[in-house]
1. In the structure displayed, which of LYS43/LYS69; LYS43/LYS72; LYS35/LYS60; LYS35/LYS69; LYS14/LYS62 lie more than 21 Å apart, Cα to Cα?
2. Let me know the longest stretch in the chain that avoids all chymotrypsin sites (Phe, Trp or Tyr not before Pro) found in a DSSP loop with at most 10 other C-beta atoms within 10 Å.
3. Quick check on the chain: helices-only [θ] at 222 nm, where DSSP H runs of length 4 and up contribute -39,500 (n - 2.57) each and the sum goes over total residues. Nearest 500, please.
4. Go through ALA134, GLY56, ALA108 and say which Cα lies farthest out towards the positive end of the charge dipole of the chain; charges sit on Cβ, +1 for Lys and Arg, -1 for Asp and Glu.
5. To the nearest 20 debye, what is the magnitude of the charge dipole of the chain about its Cα centre, counting +1 on the Cβ of each Lys and Arg and -1 on the Cβ of each Asp and Glu?
6. Kirkwood Rh, the chain, all Cα pairs: how many Å?
7. Which trypsin sites (Lys or Arg not before Pro) in the range 76-111 pass both tests, a DSSP loop state and at most 14 other beta-carbon atoms within 10 Å?
8. Extension gain LYS69-ASN143, at 0.36 nm per residue separation less the Cα-Cα distance, in nm?
Amino acid sequence: MPWGRISGSLNTPKVEVAIDMGNPFLNRTVDGFLKIGVVGASKVAAEETYHCIKGGNVSKAKVKDALGKMCKEGFYWGTVAGVYVGMEYGMERIRGRRDWKNAMLGGAMTGALISAASNNARDKVIVDAISGAAVATAAEFLNYIT
């Protein structure tokens, strides 16, 4: 029976930006903020571009509105990522180990902090802490799948 095989590789350009704040905790926090902030802003840029193309018109007001949304979304997700990376690194330093438990604890603390900063009720803060822990732990385990 005939069979076929496709093989290939995709190499993407890699951009590394190093910002030295003089402290490993701050370095990682700022790095997380910048990387995920750009992702959040890019998401909004793609959505707004789609809406402009679908609507068939681009105006100065729409571009200005899109830039505002990009900044807001980028800042929000950058902040969440920065807090998470900082919390995970803090857990690593406090515990003296590098394992999945740091991700779980960092995710729980991040979920609780972001939720509490949003003036949510106590039950919502607890649910967000559990959700943050679950997502961070799952992401950590997915890193080990080959």
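Since every read-out is calculated from the coordinates, none of them should be taken as a lab result. Predicted, not measured: the structure shown is a model, and the values here were computed from it. Note that each Cβ is placed from the backbone with ideal geometry, even for glycine, and that neighbours are counted across all protein chains shown.
1. Among LYS43/LYS69; LYS43/LYS72; LYS35/LYS60; LYS35/LYS69; LYS14/LYS62, the Cα-Cα distance tops 21 Å for LYS35/LYS60; LYS14/LYS62.
2. With a cap of 10 other Cβ atoms within 10 Å, the longest stretch comes to 4-143.
3. After summing the helix terms and dividing by the residues of the chain, the value is -26000 deg cm²/dmol.
4. The one lying farthest along the dipole's positive direction is GLY56.
5. Result for the chain is approximately 180 debye, rounded to the nearest 20.
6. It works out to 17.9 Å.
7. Counting only loop positions with at most 14 other Cβ atoms within 10 Å, the trypsin sites (Lys or Arg not before Pro) in the range 76-111 are ARG97, ARG98.
8. Gain on extension, LYS69 to ASN143, equals 23.5 nm.
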